[in-house]
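FYI, it's all coordinate maths here, none of it is from the lab. Everything numeric here is computed off the predicted structure, so don't read it as measured data.
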Amino acid sequence: MPGGRQIAGRDLHAALATAVPERGDIAALRAAVAPDDAFGSYEEFAAACPPERIGLSPGSHAAVFAPLFGEFE
């Protein structure tokens, strides 16, 4: 999304670290996404780091990360 809001990897790390009750695998997220990586959409992030890669169900993955991108279910 050119010129749009970018979410940094460090913000995604923080979201997972504070997610309750399902935390997922923060080490796997850090391995997949560097702190300075940036994503313009939830879909772009989910393609780079799918739910199963970090031990979350698809619904939990969306609940933790989609709100950062302004997407709500």
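A few points about this structure:
- Over the chain: helical MRE at 222 nm, DSSP H runs n ≥ 4 each giving -39500 (n - 2.57), nearest 500: -12000 deg cm²/dmol
- Computed from the alpha carbon positions, the gyration tensor of the chain leads to an equivalent ellipsoid with semi-axes of 18, 14, 11 Å, biggest first.
- Note: relative contact order over the chain, using C-alpha pairs below 8 Å and six or more positions apart, is 37 percent.
- Within the listed set A14, A48, A32, the Gaussian network model of the chain (springs between alpha-carbon atoms below 10 Å) gives the highest mean-square fluctuation for A14.
- Highest mobility in the GNM of the chain, judged by mean-square fluctuation with C-alpha springs under 10 Å and restricted to G40, G59, G24, is found for G59.
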